Amino acid sequence: MINDVDASIAVAAQALARGELVAMPTETVYGLAADARNPDAVRRIFLAKGRPADHPLIVHLPDQSAIRDWAATVPPAARTLIDAFWPGPLTLVLKKAAAVDPIITGGQDTVGLRLPAHPTAQALLRAFGGAVAAPSANRFGRISPTTAAHVREEFPDGGFLVLDGGASEVGLESTIVDLSSDLPRLLRPGHIAASEIEALIGPLQRPSDDAGPRASGRLESHYAPAKPVVLFGTPAGGRLPADATSSDQWLVLAELPEGSGGLVLGSDPKNYARQLYGGLRQLDAAPGGRILIEMPPDTEAWAAVRDRLQRAAAGSREGG
Ligand code: TXA
Ligand code: MG
C-alpha cells in the first residue's frame, strides 16, 4: 500500500535529484535541503536564505557508512561520539574529503556532518540515496523553524516542497563539536550536553564563557525576532526591566508579572527548548512593544537555551 507520506517522500527525493530545494523536518529544527553533490543546488540554499557564502552548511548523511565520502579521516573520538549519539542532534566537524565542494564548507578544509534521527528525514535521505546540505529553514539571522507552518511563514513564495513531519522534538539546533584538530572544541551548545560528550572523549574547549547578557553586543545576532528583545535576570537576581510597558510581551519561566501578556515556558530545560522558537514567533506576531525574556539560570542544563537567547537579543542592545 502506498500512503501519502511515502508518496510525498518519493516526490521530494525526485525534486532533490533535479537540483531543487526541499524543506525537511529534523528532530532539532526544520532544514532547507539540497543535493550536497550538486553545487548549483547548494547555491540555491544561499540565495533562498540570503545567507553569506562564508557560512558553512551541515551535510546530513543517509547512514553512518556515508561518512567516508565526506570526511578525510574519522578520528577515534569521532567514532566514539558517533556510536553514542548518531542518529541524533550532534554535528561533528571533521577534516573534509577532497571531493567536498568548497561552497558547502565556506572555503574551509573542514566539513560539518550529521545523521538526523527524525524518521521523515531518514526516509527522505534513503529515498534520495545520498547526502543533503541543509541549514535551518529560515531567512538568515531569523528564528529557526520547528514546524512546517514556520517554514512556510519564512518563505511564503518559497517555490519548494515542504515535508511536514510535525513539531521538532528537540526544538534547538544540534550540538556542534569540532574534532578537526588535536583540541576538541564545542562550537555550539545543544540538546546533547558538553558534559555528556566530555564523559566519553575528555575535555572540550568551550566558546568563551564570558558572553553574558551584558556582553551580548559582541555576539553575532541570530535566532532573532523582528521586535527588540530584552533579557532580564531571574527573579532571584531581582532585575525586572524597570521601563516595561503594557505593550511589551513577556517570556518567563514560572509566572507572568501581574496584568502583563506573554508566555510561561516552565522550568524544565528540554521542555522549554522545544517550545522556545514557536513561542518567540508567537510573541513577535503579537501587536506592539518588545519581548522581555527572563534569563534561565546559568547551569549546564540551560546552556543551549541561554546561548540562543543571548544571540536573539544581540541585535537589540543599546537601543539598536
Ligand atoms: O540541528 C541542526 O544542526 C540544523 C538541522 C537542520 O540539522 N541545522 C543547522 O544548520 O542548524 P545552520 O546552517 O543553521 O547552522 C550550521 C552551523 C553554523 O553555525 C555553521 O557555522 C556551523 O554549523 N558549521 C557548519 N560547518 C562547519 C565547519 N566546517 N566548521 C565550523 N562550523 C561549521
Ligand atoms: Mg541556522
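The values are calculated or read from the model by the stated rules, or taken from the named source; none is laboratory data. Just so it is clear, the structure is predicted and the values come from calculations on it, not from any experiment. Heads up, the Cβs are rebuilt from the backbone with ideal geometry, glycines too, and the neighbour counts pull from every protein chain shown.
Of note:
- Matching residues in the range 135-153 - criterion: being of a type outside the set (Lys, Arg), over 15 Å from residue 165 (Cα atoms) and either surrounded by fewer than 19 Cβ atoms within 10 Å (Cβ to Cβ) or at pLDDT below 95 (or both): 140, 141, 153
Matching residues to (1) among the basic types (Lys, Arg); (2) within 19 Å of residue 102 (Cα to Cα); (3) in contact with a Ser or Thr (Cβ under 9 Å, 6 or more places away or on another chain):
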| site | (1), (2), (3) |
| --- | --- |
| 10 | no, no, no |
| 13 | no, no, no |
| 28 | no, no, yes |
| 34 | no, yes, no |
| 45 | no, yes, no |
| 49 | yes, yes, yes |
| 52 | no, yes, no |
| 56 | no, yes, yes |
| 62 | no, no, no |
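- In this entry, residue 279 is excluded by the filter for residues that are of a type outside the set (D, E, K, R), out of contact with any Phe, Trp or Tyr (no Cβ under 6 Å at 6 or more places or on another chain) and modelled with pLDDT under 95.
- Identity of the residue in the range 1-54, more than 16 Å from ligand 2 (Cβ to nearest atom), in a helix (DSSP H, G or I) and among the β-branched types (Val, Ile, Thr), that ends up surrounded by the most Cβ atoms within 10 Å (Cβ to Cβ): 9
- Every condition in (1) surrounded by 22 or more Cβ atoms within 10 Å (Cβ to Cβ); (2) touching a residue at least 60 places away in the same chain (Cβ under 8 Å); (3) under 18 Å from residue 42 (Cβ atoms); (4) within 9 Å of ligand 1 (Cβ to nearest atom) holds for residue 111 except the one numbered (2).
- With respect to being among the β-branched types (Val, Ile, Thr), surrounded by 22 or more Cβ atoms within 10 Å (Cβ to Cβ), within 16 Å of ligand 2 (Cβ to nearest atom) and part of a loop (DSSP other than H, G, I, E, B), residue 170 fits the description.
- Total residues in the range 114-154, condition in contact (Cβ under 8 Å) with a residue 40 or more places away in the chain, more than 13 Å from residue 27 (Cβ to Cβ), away from ligand 2 (no atom under 14 Å from the Cβ) and out of contact with any Phe, Trp or Tyr (no Cβ under 8 Å at 6 or more places or on another chain): 10
- Selection of the range 56-89 for residues being in contact (Cβ under 8 Å) with a residue 60 or more places away in the chain and within 16 Å of ligand 2 (Cβ to nearest atom) yields 57, 58, 59, 60, 89.
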